[in-house]
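> Input: one structure, supplied below.
Derivation of every value follows stated rules applied to the coordinates shown; laboratory data play no part. Here the structure is a predicted model, which means the values were calculated and not measured. Cβ sites come from the backbone with ideal geometry, for glycine too, and all protein chains shown count toward neighbours.
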């Protein structure tokens, strides 16, 4: 079962790589998604660093509820 999972994972990765390599739209979509992900991670890290320094902004109740969803 583990061998089949690994085989499927490898085939999916190779198929995805071929799809992205041969399509301009997919390449631009992947680049855009990566940039958005990096921006969000940077924002989260900035918040954590600010909290460690003691500048932690208190979040409103509505923001806390949204995070729980």
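> How high is the FRET efficiency between residue 55 and residue 33 when r is their beta carbon distance and R₀ equals 35 Å, given to the nearest 0.05?
0.70
> Separate question: Please report Rg (one decimal) and Dmax (integer) in Å for the Cα set of region 1-50.
Looking at region 1-50, its Cα Rg and Dmax stand at 16.2, 46 Å.
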